[in-house]
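The next block holds one structure in the form of structure tokens; read it before the comments.
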Amino acid sequence: MLDSASFLTPAQIVAELDKYIIGQHDAKRHVAIALRNRWRRLHAPADMQREIVPNNILMIGSTGVGKTEIARRLASISGAPFTKVEASKFTEVGYVGRDVESMVRDLVEQSVNMVRQRRKDEVKVQAAQIVEDIILDALIPPVSSSVAANPKPSIGYGGGSEATMPDSDYELNERTREKFRQKIRNGELEDRKIDIKIQQNNTPGIGVVGGPAGLDEASLSGLQDMLGSMLPKKTRKRKVTIAEARKILLDEEAAKLIDMDEVKDEAIRQAENAGIIFIDEIDKVASRGGKGGGGPDVSREGVQRDLLPIVEGSAVSTKYGIINTDHILFIAAGAFHVAKPSDLIPELQGRFPIRVELQSLTKEDFFRILKDPKNALTKQYEALLKAEDVELSFDDAALERVAEIASEVNEEVENIGARRLHTVMSRLLNDILFDVPDVIGANAHILITRELVDERLRDMVKNRDLSQYIL
């Protein structure tokens with residue numbers, strides 16, 4: 001977390017990114033510095049914290065080179081609220097569609113969910129004890145302690161057995177409950193069904209047809225929450241297994257133990273100081289040639305003008321409260337095949353001072369992508385077949401040939417970066433995935449060699465009309 005005393009250094013952040021992303025060293029360095037600067041700001045003197053603004057980043061590179069993955073992994077490393085939006089989905093205020101403020105509301109929603117989950121984890125032990133008592137009450141209802149005042153007569157029992165025999169219904173009930181409590185803890189009753197009471201969501205569904213501009217999904221959600229809080233809470237009975245009841249009740253009881261007002265305050269604070277918004281396809285809202293005009297260019301420039309105050313820093317109203325965007329880190333990305341970064345309006349260009357150009361991937365990069373990352377495509381396929389007790393492995397020569405084919409197709413058809421590997425690997429392994437487990441049984445070992453790659457992908461290499469393989 002950014003507020004911890006020992007946060008990752010820029011070199012350590014780059015090392016973490018290297019586990020998942022191949023190449024793009026310059027981009028990794030810039031985002032690592034930007035992330036470390038956020039930690040430095042939080043530990044700067046209070047009077048300077050307000051003055052230090054983040055250096056927003058503009059990533060330029062064709063599809064499939066790792067722009068989105070870098071931003072997503074960055075948020076995962078920092079544990080910061082993160083949201084990804086498509087600039088092309090926004091419309092200018094006054095037009096039907098999503099307004100740019102919705103991305104800030106999405107960020108706050110994500111932050112609230114993160115803080116709420118963290119608070120639930122903190123009270124998990126206490127909530128589990130309450131849930132255990134609820135399940136025990138459903139199995140063996142408790143007897144009032146007032147029954148203990150009327151002990152049972154010990155007719156037929158000698159004085160020596162009084163220590164082992166229960167003196168009352170209350171004591172008998174307590175002994176039985178303790179036995180069942182132990183069984184619940186040992187997992188011996190997981191499949192037994194019990195009746196539990198759960199809260200029913202009685203919030204009315206609201207829809208607005210032809211409503212005023214700005215009344216988007218977030219506004220409707222806030223209106224629903226307000227109406228739901230005004231209506232009385234209803235409960236209903238459900239017959240579920242103890243295993244299912246534990247999951248349902250644990251979430252409910254944990255929610256009762258946390259203070260939502262504190263969660264909202266902390267979530268807004270986290271979003272303001274640590275939030276990251278990734279704006280993809282920013283080139284799609286750039287006016288071609290940098291000049292205004294008619295048609296779609298009007299809407300494009302309108303979206304840029306609406307983005308400007310959000311990126312510069314403004315107050316945005318959400319259902320959890322007002323959030324200031326002054327210190328949110330914005331990372332924009334685009335291919336810029338047709339438009340250029342200079343086609344953005346000058347004011348918006350100035351708000352993205354750091355520009356990073358990501359390099360196209362080479363054959364050597366493809367080979368490393370197939371072999372090195374923790375989430376490499378080869379490791380994903382190996383895990384899929386491992387579920388069928390089939391062992392899959394790849395020769396280095398086979399991976400080199402796959403990388404070579406993917407690179408050739410990218411050069412001759414359309415360069416879609418590392419996404420081409422999904423197409424090639426799917427073509428290579430489709431027959432195997434279909435034959436398991438009917439033809440290829442359990443405990444089999446499959447080795448992918450260079451010869452097998454050439455055999456399976458011969459048509460793909462020879463036939464230059466590869467339209468059916470274009471993503």
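Okay, here's what the table says:
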item	result
Any hit, the range 425-434, residues being modelled with pLDDT under 95, open to solvent by less than 30 Å² (accessible area, probe 1.4 Å), in contact with a strand residue (DSSP E or B) (Cβ under 9 Å, 6 or more places away or on another chain) and not in a helix (DSSP H, G or I)	no
Residue within the range 69-78 that is open to solvent by 20 Å² or more (accessible area, probe 1.4 Å), within 16 Å of the chain's Cα centre (by Cα) and either on the phi > 0 side of the Ramachandran plot or free of Cβ contacts under 8 Å to residues at least 12 places away in the same chain (or both) present	yes
The range 362-381, residues that are among the β-branched types (V, I, T) and open to solvent by less than 30 Å² (accessible area, probe 1.4 Å)	T378
Cross-chain or 6+ apart pairs with Cβ under 8 Å, the range 308-335 first and more than 21 Å from R38 (Cα to Cα) and among the charged types (D, E, K, R), then modelled with pLDDT of 90 or more and open to solvent by 20 Å² or more (accessible area, probe 1.4 Å)	K319/R105
Residues within the range 411-424 that are touching a residue at least 24 places away in the same chain (Cβ under 8 Å) and not in a loop (DSSP other than H, G, I, E, B), tallied	7
Test result for V298, open to solvent by 50 Å² or more (accessible area, probe 1.4 Å), in a loop (DSSP other than H, G, I, E, B) and modelled with pLDDT under 90	no
Filtered residues of the range 241-271 (kept if closer than 22 Å to L107 by Cα and buried (at least 20 other Cβ atoms within 10 Å of the Cβ))	V263, A267, I268, Q270, A271
Residue within the range 33-53 that is in contact with a strand residue (DSSP E or B) (Cβ under 8 Å, 6 or more places away or on another chain) and under 13 Å from A333 (Cα atoms) present	no
Output for the range 26-55, where each listed residue is among the β-branched types (V, I, T) and open to solvent by 70 Å² or more (accessible area, probe 1.4 Å)	I33, V53
Looking only at the range 368-410, and only at residues there that are in a helix (DSSP H, G or I) and touching a residue at least 60 places away in the same chain (Cβ under 8 Å), the one that is nearest to the chain's Cα centre (by Cα)	I369
Subset of the range 122-142 (residues that are open to solvent by 30 Å² or more (accessible area, probe 1.4 Å) and within 19 Å of D261 (Cβ to Cβ))	E122
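So that you can scan it fast, the table gives a plain yes or no per residue for (1) of a type in the set (A, V, I, L, M); (2) part of a strand (DSSP E or B); (3) more than 22 Å from V53 (Cβ to Cβ); (4) touching a Gly at 6+ places or on another chain (Cβ under 9 Å):
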site: S317; (1), (2), (3), (4): no, yes, no, no
site: I323; (1), (2), (3), (4): yes, yes, no, yes
site: D326; (1), (2), (3), (4): no, no, no, yes
site: H337; (1), (2), (3), (4): no, no, yes, no
site: E347; (1), (2), (3), (4): no, no, no, no
site: V356; (1), (2), (3), (4): yes, yes, no, yes
site: S360; (1), (2), (3), (4): no, no, yes, yes
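Condition check ((1) surrounded by 18 or more Cβ atoms within 10 Å (Cβ to Cβ); (2) under 30 Å from D306 (Cα atoms)) across all residues:
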position	(1), (2)
A332	yes, yes
V356	yes, yes
A383	no, no
A398	yes, no
V402	yes, no
E408	no, no
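The values are calculated or read from the model by the stated rules, or taken from the named source; none is laboratory data. Please read all numbers here as calculations on a predicted model, not as lab measurements. All Cβ positions, even for glycine, are placed from backbone atoms using ideal geometry, and neighbour counts span all protein chains on display. Surface areas here come from the heavy atoms of the whole protein model, side chains and all, with no ligands, DNA or RNA. Shrake-Rupley method; radii C 1.70, N 1.55, O 1.52, S 1.80 Å.
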